[in-house]
Amino acid sequence: MLSAVAAIALASPSLAADAKPDAVIKNRNIEARIFLDDRIKADAPLAADCLAEGRKWLDKNAADAASSRKQDPQFFKDGGWDFERKYSIRSVVADRYVSVLRDDYMDTHGAHPNSDVNTILWDKSESKRISIRPLFTETADNGATMKAMVKAVIASLRIEKKKRDTSETATEEWFKGVEPSLLKIGAATLAPSTEPGKSSGLTFHYPPYAVGPYAEGQYVAFVPWETLKPYLTPEGARIFGGARPKGDADEQQ
């Protein structure tokens, strides 16, 4: 599982106030909610896995909030903390590999709320979390595969920054956190494809501050499968194909 963490000033959680959470903790210290999208709920093992992880997240933050109130009660004069986690399916490839986005919202009454984005790759046939390693012949740190991925990610980010007229931050300093390591390159998902059952490549998800200033918001870098072709295992070659759907780039940014 790959992670990227950053802060973002959000006015409120993204979900409608009347949506019913799948798990919740509410007391004078914190209100924290977990939401699973309908497609996750339709897959019982995946739903159970996400909910178990989500409940641990609720419990940890409830304990942290209680401790914080004890130490700094002045920060709770306007109420308790407000946390939310949403799990949503990004793609299903070969009726086996399910990419899940995990979006967190955290308001601890600091200067602004925080956000985090992470991803899960779920193997439906085994009912367990996996990594993208089995799709590539090698994924060693600083190896050929990871170096090719980083090069393609940064090229994609430069294109996106040019679209937003923010090329002045397309610098080595902002991109230094994108490293040739599966654990440091960014939170990855399998991108959908115009070819049914296939993936058009990898998308890497970066919250604000990860690869640019807060004001630029979130970035998603796309690496087409053709770039990865020399490094694919037979299973990787089997599941990649087609092109990225026209609307996918707009939906993800």
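Any read-out appearing in this document is the output of simple, stated calculations on the displayed coordinates, not a laboratory observation. Predicted model only: the values in this text are computed from it and were never measured. Positions of Cβ are backbone-derived with ideal geometry, glycine not excepted, and every protein chain shown enters the neighbour counts.
At a glance:
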read-out	value
Protection proxy ranking of 166-173, 133-140 - average other beta-carbon atoms within 10 Å, highest first	133-140, 166-173
Under 30 Å from the Cα of K198 - lysines, other chains or at least 8 residues apart	K41, K86, K124, K128, K147, K151, K161, K162, K163, K184, K229, K246
Percentage of interatomic Cα-Cα distances in segment 114-203 larger than 16 Å	64
Burial ranking of peptide ranges 45-56, 150-161 (average Cβ count within 10 Å, highest at the top)	150-161, 45-56
Gained length - A111 relative to D165, 0.36 nm times residue gap less alpha-carbon distance	16.7 nm
Contour excess over end-to-end distance, with Cα ends at Y214 and Q71 and 0.36 nm allotted per residue	48.5 nm
Charged-residue dipole, Cβ positions (Lys, Arg, Asp, Glu), the chain about Cα centre, Debye nearest 20	300
Relative packing of 27-38, 118-129, which averages over residues the other C-beta atoms within 10 Å, highest first	27-38, 118-129
Percent of Cα-Cα distances greater than 26 Å, calculated over segment 133-252	19
Segment 139-189 and segment 85-127: distance between their alpha carbon centers, rounded to Å	20
C-alpha center-to-center spacing [segment 41-70, segment 199-235] in angstrom	27
For segment 23-150: relative contact order, % (alpha-carbon pairs under 8 angstrom, 6 or more apart)	20
Positive-end residue, the chain charge dipole about Cα centroid, Cβ charges, pick of P213, I89, S68	I89
P(r) weight above 34 Å for the chain, C-alpha pairs, percent	20
Quotient of C-alpha Rg and 2.2 N^0.38 Å, computed over segment 110-160	1.61
